[in-house]
1. State yes or no: is B:S145 within 14 Å of chain A (Cβ to nearest Cβ), buried (at least 18 other Cβ atoms within 10 Å of the Cβ) and of a type in the set (G, A, S)?
2. Of the residues B:D18, B:D24, which single one is facing another protein chain (nearest Cβ under 7 Å) and part of a loop (DSSP other than H, G, I, E, B)?
3. Testing B:S204 on (1) part of a strand (DSSP E or B); (2) over 17 Å from the mean Cα position of the chain (by Cα), one condition comes back false. Which one is that?
4. Which members of the stretch A:189-205 meet the condition of being within 20 Å of A:S103 (Cα to Cα) and either in a strand (DSSP E or B) or within 14 Å of chain B (Cβ to nearest Cβ) (or both)?
5. Being aliphatic (A, V, I, L, M) and in contact (Cβ under 8 Å) with a residue 24 or more places away in the chain is the filter here, so list the residues in the stretch A:82-114 that pass it.
6. Could you please find all residues in the stretch B:59-77 being of a type outside the set (V, I, T), part of a strand (DSSP E or B) and more than 21 Å from B:D39 (Cβ to Cβ)?
7. Here are some conditions: (1) at pLDDT 90 or above; (2) more than 8 Å from every other protein chain (Cβ to nearest Cβ); (3) in contact with a Phe, Trp or Tyr (Cβ under 8 Å, 6 or more places away or on another chain). B:A182 meets all but one. Which one does it not meet?
8. Note down all Cβ pairs under 8 Å where the first residue falls in the stretch A:163-188 and is within 13 Å of chain B (Cβ to nearest Cβ), the second is acidic (D, E) and assigned to a strand (DSSP E or B), and they're at least six residues apart or on different chains.
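The values are calculated or read from the model by the stated rules, or taken from the named source; none is laboratory data. In this text the structure is predicted, and so the values were computed from the model without any measurement. Backbone-built Cβ (ideal geometry, glycine too); neighbour counts: all protein chains shown.
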Amino acid sequence: MSGAISVTKRKEFWSNDLLEGDEYESDLGSDEEHDVEMSGAHDSNSGVDHQDGSIVTPGELITDDPIWMKGHGTYFLENKTYSSVVGTVSRVNRLLSVLPLKSRYIPETGDHIVGRITDVGNRRWKVDIGAKQYAVLMLGSVNLPGGVLRRKSETDELQMRNFLKEGDLLNAEVQSLFQDGSASLHTRSLKYGKLRNGTFVKVPSSLIVRSKNHTHNLPGNITVILGVNGFIWIRKSSKMDLSNSTTATGSGQSDHLPGSKNAMSVSITRLEEESSWEIYSDKNDTVTVSVRQTITRYANVIKALAHCELGITEPRIISAYEASMAYGNVGQLIESETMESLGQDVLNSEKMRGAA
Amino acid sequence: MGLSITEKSFLFDSLTLDPPLRTDGRGSHQFRPIEVSTDFLPNSNGSSHVILSGGSECIVSVKTKVVDHTVESELLVTDVDIQGHRDDSPLVTSMSSLISKLLKQTIDQKKLMLTKRYSFKLYIDVLVLASKSYPVSMISFAIFSALKNTWLPKLISSDDDLEVEELPTFHDYDMVKLDADAPLLFTFAIVGDSVLVDPSFEESLVSNNGLLITWYKDRATSPIRSVGLNNDNVKGFSQHHLEEAIKLIHKYAPDVERALVSSD
Amino acid sequence: MSVQDRRRILGPAEAKPLRFAVDSETSIPEEGRTDDKKTGKESVFISTDLVTNANGSSYLEYMDGNSDQVLVMSSVFGPRPLRGSFQSKASVSIQFKEVTLEHFNTGEIKEICTFLTNVFNAVINIEKYPKSGIDIFIDLIQHSNSNPAEEENIIKILPTCINSITMALVDAGIEIIDLVSAGSVDNSVVAFIRNGHEIVGIWSDDDKVSDISRLIEDCRVKYLQNKQTLVQYLR
């Protein structure tokens, strides 16, 4: 690494020249027809329905069949359904909706998310989860020191800032949704709570696929929490993380099976212990330099995947991490060329695996 | 948005290691990669667009007009606009004042003179489209690239109009490249005992102090300023931090300058 | 019938005019003038606690040998409650005003404010004052330059401003980690704490900077003098 800086010439801007191509001209022509359709009653394109998965732009006619129920991303005008966002058409039973290509995170019940406290209020915390509205975490929905299931007292109410304060990161589950679409969270499990010993990365929420498990143990003694909202936490694996993984993926790791029951019982007896003040501690454990370096590498790998607009999943992170080992210096991973080649490596190895 | 206490201490501990481990694994002398495009504004004499990895972005346009410098002595007008900040906010006004003062000092106004009466007057407009960290480095890189790619109309009339009153006339399409050296500004973050160049947003939040050092004509020069990169972790620093920063500049600024010039 | 002027309240016959005792306090600051300006040496006049509605205030007169004169008044308001969202540390704001003259443009003034705010963020023990704001106002009352041809320079007034704010903070009883003071050489100002071992601010407009270590060393000497003056006054 000799260069202090890498300067690249930017690729050409999107220019109007493209429109001079025949293809675009004809497209433009049909667009104009659409405009006419919207105002007038004539419909020259009737019968051309957008099928499931096709891409539409705002104002584009999706169907003139009135039997469809109009969902998100669509509007209804004179018995015709138009798109109101750029995205793909989705047809589920009779429900017609357009899934936007890019949008803020829309919470759903059961989502495992990572959020940041923005406000401490009356018996509740406001949490930024990257959605339209701040989520709410009620004092009653968290584990408090001194037993998991005790009643919340007034003293708890007065020292809420000692548990979680502005800026703190936590992972939680969406418990329910309010009428306005904002989420109510809970952390009533030991896998949820304040986040420590690691670093935070933010990616577009569309890159995270909802799955059963969002906490993954990665090679190098690292645990990653892929929040459905695109907030990601990478940390040094704790004992808890390791014991959880043996129980969750016990079938995969048969040699750990005998120990897994043990780990279970330990984690249950530790329940009381763990829910002492320590879960709200603001102190990091000692993290060795090599673990810190691994965390940085993972962070850069995840940013590279996001740069290539690849969905971020556990196998992809591992595969990209292994591919990144070709670059000894973690700092090299921030060059856009390196990021792109890394993304290509991941795709190639996926194809290979598919072929094999 | 602020970081949590644990994030801050984790980051602080990483940055104060020897060698420091930065959020994105860069070395302490390494800049974020930048993308530069120049000459993309057809209506300007010179323009540049600088994008830092991580999403900070800045556009600079250089326009010119011919003025009578016996009447108008101010030949350089610089304006800085930062998206998301009011024009009268401390950040924008102090940045604008710093940069326009600096450019007035460094750009040789004699080179703008056409004749004994007429001069080019340069309007340098800076628009910061997106910026999370302290944007001054990015702005100076953009101004540097824009000025290196500024083309002025070629004068074909005589350059001595002291006796004969004559308006300058220009060649129809021939242009002359502006020969101007713009200064580069470097930001350093001081975190514990580490001195880091080009701090990212997160690094700025945990830094104890910041330094702004100018690189002009192959040497570190004034303005040298201590700048607050945040409001709640500010501490004093020692003389050797400053010397370390100057050493880094002397070592790597020529690389940066070369990279910016060769990208054209 | 006595011909007495009823409109005037007369005192008793043997009344004497009031005579006030000479105020000893006002004479103390006078002694604070370390040197006389006629000797051609630098002199500083310090006085504190003159703005009654401020929590702390100070007034500094600085004269250098060449009858350059800087008169600065600082007043500190706070710590006082801050509206809005929760802040775990105090937020410091510094406003600079030219009272009688207009030498500097608004951009430069904003630059001074941001610079000074950064210096004092490092010095004030802001952890001690959560949810509070500390507002500092500096009034430049006069700045006369011996050499009118010379351009008005911020460098000339910065050290006095820093000293003045320090005194005002001490007067307000706000916790600070050390007396911050600054020294200037040519076109550079360096603010120090801890006997010059720590730098809290540097502002250099000197385009002839060649040896940064020399510059800091020279400023440090001036700083130690200035600080000595402040300590003497406070004692």
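1. Spelling it out, B:S145 is indeed within 14 Å of chain A (Cβ to nearest Cβ), buried (at least 18 other Cβ atoms within 10 Å of the Cβ) and of a type in the set (G, A, S).
2. Checking each option against the conditions leaves just B:D24.
3. (1) is the only condition that B:S204 fails.
4. A:V201, A:K202, A:V203, A:P204
5. A:V85, A:V86, A:V89, A:L95, A:L96, A:V98, A:L99, A:L101, A:I106, A:I113, A:V114
6. B:D68
7. Result: B:A182 passes all but (1).
8. A:E166/A:D119
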